[in-house]
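A short write-up of the structure that comes next.
The values are calculated or read from the model by the stated rules, or taken from the named source; none is laboratory data. Source: prediction; values computed, not measured. For neighbour counting, all protein chains shown are included, and Cβ atoms are generated from backbone atoms with ideal geometry for every residue, glycine included. These accessible areas exclude ligands, DNA and RNA; they are computed on the full protein's heavy atoms, side chains included. Shrake-Rupley method; radii C 1.70, N 1.55, O 1.52, S 1.80 Å.
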Amino acid sequence: SPPPRLPMSLPRAASLPALAQKARRLALGLGLGIGVGGTAAASAADSSPRSEISAERATHGGRQLELVQVQVLFRHGARTNLFEHPDLDNVVWNKCGRRNVKGYEPLEVRNVDGGDRPPLTKGVARQYAQVYPGGCKGGQLTDLGKLQAEELGDKIACRYPGIMESLKDDPRLLYVRSTNFPRTIETASHVLKGLSDGRNWLRHVVIETVHGYKESMVGTNVVACPRLKDYFKEAKQAYGANPPPEARRIRSEMEAKLGKDKCLTMKIGEADDWNGYNVVLANDILKTMVAHGMDLPDWGSHVLARDCYKMAGKQISFLLQKDGRDDNFRKQVSRLGIGRFLQHTYDCMALCADENKNGKDTSSKLRLYSGHDTSVMPTLIAYQIFDGHWPTFCSTVTWELHRDTSNSEDYFVRVLYDFKPMLLPTPSGMHGNSFIHLNEFKALTERITPKDFKQECRVSGPIQGSVDVGKF
């Protein structure tokens, strides 16, 4: 039987840490991940000392390895739902403005080319202009999301104390990049707060961003790469021709509760095609409410929330890699979607290794990338390590670069998902090794990155679509 419902609105006297713990228990009971923030509030309240556990020393095949660089891509923290929906007037979103939950303010945000911060895309500005009952905005980072981000920053600092000491000596060794969304930039701010243990020594770090239409950190950017639109159309047609039985059942259940007209407002169409079985928006609504311990709308249920969460993960996975059996389709979508960003992560490691070999130490030691589920999921699919579940709030992909202490010419890479080592599709990975030689990682990267991005992304005729579609 479903667990008892939680209050729809947050009473003024309610403890945010207690609410976070209750929401986490509820989400875990339903099989819904809500990110690291379930313990974020608890750790913030306890003010417990930092762990001494470090991931900076390792062995591989008898070699002693030393960590020299870390790159972390993370999804933003918990947020409000993105779009209006039936019964929204009965939902009170008053979880976005607690005065004691502040990141580094003000932080300088500028364009990657050194200019002023670019404007928001029209879709993002329109989304953020929505004001819900209770005062929160559409897609806004909530107080819970801020605490999740702070816990993530603290977790990074606990894992990499040597890197942190380097940053304290020279904060310029830290690089921060974000997509141009209020919630991702604010998440980065709170990760920095957690990273520095609430002190002010990182207060003047610059966050770099780029206009959304040029963004490489999102694997669904059809404006940057119009050719992706053709691949997505192909996947949608294949999905609509043979939708999973559970997708049919979910649509029938929602039509019975909402009626067809209200289903249309949630992007669930009547035709037997992709839109007819689109549960992504329903998942967005239900999961954000569950994550914050809110009472679900009358048309929702805890079972439906769980089913939509599982189905939405499968649906977007199908969009990015079709049925999983078409390896060429996966490679092409990965290359044109997230490939440029993956090339960037490799280039940063290669530069760091070259400088270390030449006795220099000027490359950034820690690089943080604040993005979306459509940053994390395409990355996992490109590396063939996606487990089929929608990435949680503040989920992470981490690249560690290690140096062989006995041979300064050898460097090894380890990729982690939510800080768990992954086996990559390389000869070493196939033999059960999570550490792979930098040259082996280079070969993997070359297979999933475009050679000529502009040329490969061209299509004949005008392209329709928005960079904001699917960026949740």
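Remarks
- Neighbours by Cβ (under 9 Å, 6+ apart or cross-chain): first from region 75-99, without any contact (Cβ under 8 Å) to a residue 24 or more places away in the chain; second among the charged types (D, E, K, R) and open to solvent by less than 10 Å² (accessible area, probe 1.4 Å): none
- Given (1) at pLDDT below 95; (2) open to solvent by 30 Å² or more (accessible area, probe 1.4 Å), index of the condition His437 fails: (1)
- The residues of region 375-398 that are of a type in the set (Ser, Thr, Tyr) and open to solvent by 10 Å² or more (accessible area, probe 1.4 Å) amount to a single one, Thr392.
- Selected residue [of a type outside the set (Ser, Thr, Tyr), closer than 19 Å to Trp390 by Cα and without any contact (Cβ under 8 Å) to a residue 40 or more places away in the chain] from Gly337, Gly324: Gly324
- Residue check: Asp468 meets all listed conditions (1) within 21 Å of Gln384 (Cβ to Cβ); (2) charged (D, E, K, R); (3) modelled with pLDDT under 95; (4) surrounded by 17 or more Cβ atoms within 10 Å (Cβ to Cβ) but one, namely (1).
- Take the conditions (1) open to solvent by 10 Å² or more (accessible area, probe 1.4 Å); (2) touching a Leu at 6+ places or on another chain (Cβ under 9 Å); Ile316 misses just one of them, which is (2).
- Close pairs from region 179-207: first part of a strand (DSSP E or B), partner open to solvent by less than 10 Å² (accessible area, probe 1.4 Å) and of a type in the set (A, V, I, L, M), Cβ under 8 Å, at least 6 apart: Ile207/Val176; Ile207/Ala188
- Near pairs, Cβ below 6 angstrom, 6+ apart or cross-chain, from region 126-143 (under 15 Å from Ile285 (Cα atoms) and open to solvent by 50 Å² or more (accessible area, probe 1.4 Å)) to any residue that is assigned to a helix (DSSP H, G or I) and at pLDDT 90 or above: Lys137/Tyr128
Yes or no, residue by residue, for (1) within 30 Å of Gln71 (Cβ to Cβ); (2) crowded, with 20+ Cβ neighbours inside 10 Å:
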site: Ile285; (1), (2): no, yes
site: Met294; (1), (2): no, yes
site: Trp299; (1), (2): no, yes
site: Ala305; (1), (2): no, yes
site: Leu320; (1), (2): yes, yes
site: Lys331; (1), (2): yes, no
site: Arg335; (1), (2): yes, yes
site: Thr345; (1), (2): yes, yes
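- Selection status of Leu401, aliphatic (A, V, I, L, M) and open to solvent by 10 Å² or more (accessible area, probe 1.4 Å): no
- Of the residues making up region 256-282, just one is over 18 Å from Leu319 (Cβ atoms), without any contact (Cβ under 8 Å) to a residue 12 or more places away in the chain and in contact with a helix residue (DSSP H, G or I) (Cβ under 9 Å, 6 or more places away or on another chain), namely Glu270.
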